[in-house]
1. What about His22, is it within 16 Å of ligand 2 (Cβ to nearest atom), under 14 Å from the mean Cα position of the chain (by Cα), surrounded by fewer than 21 Cβ atoms within 10 Å (Cβ to Cβ) and more than 22 Å from Leu154 (Cβ to Cβ)?
2. Suppose the filter is within 16 Å of ligand 2 (Cβ to nearest atom), polar (S, T, N, Q) and without any contact (Cβ under 8 Å) to a residue 40 or more places away in the chain; does Asn125 pass it?
3. Give just the number: which of (1) away from ligand 1 (no atom under 15 Å from the Cβ); (2) of a type in the set (A, V, I, L, M); (3) surrounded by 19 or more Cβ atoms within 10 Å (Cβ to Cβ); (4) touching a residue at least 24 places away in the same chain (Cβ under 8 Å) does Ala29 not satisfy?
4. Out of all the residues in region 45-65, which are in contact (Cβ under 8 Å) with a residue 60 or more places away in the chain and surrounded by fewer than 19 Cβ atoms within 10 Å (Cβ to Cβ)?
5. Based on what the data block shows, is Ala68 over 21 Å from Ile2 (Cβ atoms), of a type outside the set (S, T, N, Q) and open to solvent by less than 90 Å² (accessible area, probe 1.4 Å)?
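The values are calculated or read from the model by the stated rules, or taken from the named source; none is laboratory data. For clarity, every value in this text was computed on a predicted model and none was experimentally measured. Here the Cβ positions follow ideal geometry from the backbone for every residue, glycine too, while neighbour counts run over all protein chains shown. Quick note on the areas: whole protein, heavy atoms, side chains included, nothing else; ligands and nucleic acids left out. Shrake-Rupley method; radii C 1.70, N 1.55, O 1.52, S 1.80 Å.
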Amino acid sequence: MIGKKMQEAFNNQIAAEFFSAHLYLAMAAYLQSIDLPGFAHWMRIQYQEEVVHGMKMFDFVIERDGRALVKAFDAPQAEWKGPLSVIEAVYEHEQKVTGLIYNLLDIAQSEKDHASVIFLQWFVNEQVEEEASAKQIVQQLKLIGDSRAGLFQLDRELGLRVFTPPAAGAGA
Ligand SMILES: [Fe+2]
Ligand SMILES: [Fe+2]
């Protein structure tokens with residue numbers, strides 16, 4: 001059975017993952033409003049991924065005979081200053097989430113909760129990918145600069161992103 005301290009930490013992280021989902025959905029709406037449907041599509045997939053993250057943790061707490069909670073969180077920001085400011089915000093946000101995952105792992109280690117340590121490995125790897133993909137788009141946008149043709153091309157590329165749900169199961 002999961003310990004109280006670990007359970008509370010997971011319940012807070014579940015809320016953080018769903019907050020991330022809402023933040024990315026708000027970004028999708030903003031990007032659509034400035035006529036970047038490919039960016040908006042990419043952000044909708046970010047949204048879906050965050051829902052998966054939250055649900056993975058929700059299921060893990062239940063599987064460990066714990067009590068999963070659905071907590072409130074604030075509404076996300078609604079407006080940004082163009083695509084670069086959005087993707088920079090994604091990159092910053094993901095770095096913050098990486099810190100949260102590391103804190104969770106620290107708790108799991110200090111509680112000697114080996115199941116949680118192993119479970120969290122997936123999230124550690126996921127954060128490496130999340131940060132790298134946001135960083136890559138930030139760099140592409142900086143290269144593009146003021147080129148409308150470049151932005152149009154990148155929007156088309158981002159519109160091709162496909163959502164691949166991770167394998168089911170706690171540690172998958
Ligand atoms: Fe996440
Ligand atoms: Fe994320």
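1. Judged against the criteria, His22 is a match.
2. Answer is yes for this residue.
3. (3) is the only condition that Ala29 fails.
4. Ile45, Gln48, Val52, Asp59, Glu63, Asp65
5. Criteria not met by Ala68.
Residue by residue, here is whether (1) farther than 26 Å from Lys4 by Cα; (2) out of contact with any Phe, Trp or Tyr (no Cβ under 6 Å at 6 or more places or on another chain); (3) open to solvent by 40 Å² or more (accessible area, probe 1.4 Å) holds:
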position	(1), (2), (3)
Asn103	no, yes, yes
Ala108	no, yes, no
Val124	no, yes, no
Val128	yes, yes, yes
Ile137	yes, yes, no
Gln140	yes, yes, yes
Ser147	yes, yes, yes
Leu154	yes, yes, no
